[in-house]
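The values are calculated or read from the model by the stated rules, or taken from the named source; none is laboratory data. Remember, it's a predicted structure, so these values are computed and weren't measured experimentally. Glycine gets a Cβ as well: all are built from the backbone with ideal geometry, and neighbour counts include every protein chain shown.
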Amino acid sequence: MHTEYVKWREVCERLNIDQDGYNHYEQLCCLIVSKISNAVGFRSYLNCISGPLISQIILSLTGITLTTSNLCNYKQTGQHFVKDISDALGVPIAHGIPFNLTKNIEQSFAFTALPDSPSAALATILNNGDYAVKDTLYEFWQSSKSFNVGSSKNWPSLKLLKILQKRKLQIIVPASHDTPVKMRRLLKHITDLLELHDISHLNQSTLNEAVQIFCTAEQQYKINRNTHWLPSFSTLPLLQYVDELTSDFRQSPYFYVKEVNSLSKIGSADRCNDRVKTNSFAVVLTLKSRSENGDARKIESIVRRQLARCHILPVDGKLDHYNVPITKLAPVIIGAIGQNAEIASMVHQITATKLLN
């Protein structure tokens, strides 16, 4: 705590803020808010903020590196530094947002996309018109890591590129969606809009508005999520709640329960990690054992029998689909596993998608 206090004092001194003054916290917040709100690219690219972004701004202004712990120092006194800045700017807090920060001699900032971002790859294609070799280019970028384009399912369709080229339009992707998976959702939304509506009046302004509305809505969707919706057991690892179930949380072997349409599906994956998708609404329990042991399948069988004892049966014609909402079924399953010492001891990690209110 003493080290953190000294760091904040040094930050204030280098910014000419009297930390002993009664309103030093407000002065510091106002300064950071002013730097961000007056920066080139604010809102047009930077439509959210994060703790690391605040730390990088302070580092650029003072030469002092602040850790996440340092940023939480104010929170311990009832002041949430990052949240207060977020509220003042009117933009949400996000995690893992990509951005490139530059500062000129007048201490003004500019926020732009990273040189290897998915949006930079898209702009390269649109500017050069290399549509005939689109897949070849993306495959090269993927293998050489020239751009962060992810897997082929995240790449723009030829149909969309041709429409944008014909009308000389650019999709300006904001920071909140400048990752392969999130940009894929944005591109799908734009494609759906183009298919549903007359595009004869489509121009850059209306396209920008459509992008902004979609990205804002998705961010608000995440803000409205409630984190803790599953029971905790001392016999099980601490539950993790995430926005997306990336491959890091789906390392086989694992047992899962996921939402499929309006049903819930239980299952196991002893040798693969794609039974649950990144954007699935699901709970994943990765196991300590090796894939060849078949423990995920064993747990699935035990859970199915336990559900049957509770008179929770699969829908007709299915072995693993239940006509019970995942918000009702998953807590029952976690409870059954948590109270079974043998199964609980096999569990390495539990990760769940955050729940909508």
Per-region count, the stretch 35-66, residues more than 23 Å from A217 (Cα to Cα) and among the polar types (S, T, N, Q): 6
Any helices (runs of 4 or more DSSP H) falling wholly within the stretch 41-119 and containing at least 3 residues that are within 28 Å of Q212 (Cα to Cα): 51-62, 81-89
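Go through the stretch 299-330 and give me each residue that's among the basic types (K, R) and farther than 29 Å from K354 by Cβ. Walk me through how you get there before you give the answer.
Filtering the stretch 299-330 for residues among the basic types (K, R) gives 304-305, 309, 318, 328.
Residues satisfying the conditions are R305, R309.
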Subset tally (residues that are in a loop (DSSP other than H, G, I, E, B) and surrounded by fewer than 21 Cβ atoms within 10 Å (Cβ to Cβ)) for the stretch 154-170: 5
Index of the failed condition, I125 passing every other in (1) among the hydrophobic types (A, V, I, L, M, F, W, C); (2) more than 20 Å from C30 (Cα to Cα); (3) in a loop (DSSP other than H, G, I, E, B): (3)
S232 vs. criteria surrounded by fewer than 15 Cβ atoms within 10 Å (Cβ to Cβ), at pLDDT below 90, outside the structural domain of A352 (by TED's automatic domain parsing) and part of a loop (DSSP other than H, G, I, E, B): yes
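Could you look through the stretch 137-153, keep only residues that are part of a helix (DSSP H, G or I) and polar (S, T, N, Q), and pick out the one that is farthest from D116 (Cα to Cα)? Let's see the steps before the verdict.
Restricting attention to the stretch 137-153, the residues satisfying the condition of being part of a helix (DSSP H, G or I) are 137-144, 152-153.
If we keep only those that are polar (S, T, N, Q) too, we end up with 142-144, 152.
On the way: Q142: 11, S143: 13, S144: 11, S152: 16 Å.
That would be S152.
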Residue selected from the stretch 285-294 under the condition among the charged types (D, E, K, R) and out of contact with any helix residue (DSSP H, G or I) (no Cβ under 9 Å at 6 or more places or on another chain), by the criterion surrounded by the most Cβ atoms within 10 Å (Cβ to Cβ): R290
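What do you reckon, is T327 closer than 20 Å to S234 by Cα and within 22 Å of the chain's Cα centre (by Cα)?
Working: closer than 20 Å to S234 by Cα: no; within 22 Å of the chain's Cα centre (by Cα): yes.
No: the conditions fail for T327.
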Scan of the stretch 327-357 for residues that are surrounded by 14 or more Cβ atoms within 10 Å (Cβ to Cβ), aliphatic (A, V, I, L, M) and not in a strand (DSSP E or B), ordered by number: L329, A330, V332, I333, I334, A336, I337, I343, A344, M346
Scope the stretch 260-282; condition without any contact (Cβ under 8 Å) to a residue 40 or more places away in the chain and assigned to a strand (DSSP E or B); matching residues: S268, A269
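Here are some residues: E209, E195. Which one is at pLDDT below 85, assigned by TED's automatic domain parsing to the domain that holds A123 and of a type in the set (D, E, K, R)? Can you show your working first?
Working: E209 fails: at pLDDT below 85.
Going through E209, E195 in turn, just one is at pLDDT below 85, assigned by TED's automatic domain parsing to the domain that holds A123 and of a type in the set (D, E, K, R): E195.
Quick one: which residue in L285, L238, L245 is touching a strand residue (DSSP E or B) at 6+ places or on another chain (Cβ under 9 Å) and modelled with pLDDT of 90 or more?
Details: L238 fails: modelled with pLDDT of 90 or more; L245 fails: modelled with pLDDT of 90 or more.
Of L285, L238, L245, the one residue that is touching a strand residue (DSSP E or B) at 6+ places or on another chain (Cβ under 9 Å) and modelled with pLDDT of 90 or more is L285.
Specify which of the listed residues (V324, V303) is within 19 Å of L230 (Cα to Cα) and either outside the structural domain of S252 (by TED's automatic domain parsing) or part of a loop (DSSP other than H, G, I, E, B) (or both). Write out each step before concluding.
On the way: V303 fails: either outside the structural domain of S252 (by TED's automatic domain parsing) or part of a loop (DSSP other than H, G, I, E, B) (or both).
That would be V324, the only listed residue that is within 19 Å of L230 (Cα to Cα) and either outside the structural domain of S252 (by TED's automatic domain parsing) or part of a loop (DSSP other than H, G, I, E, B) (or both).
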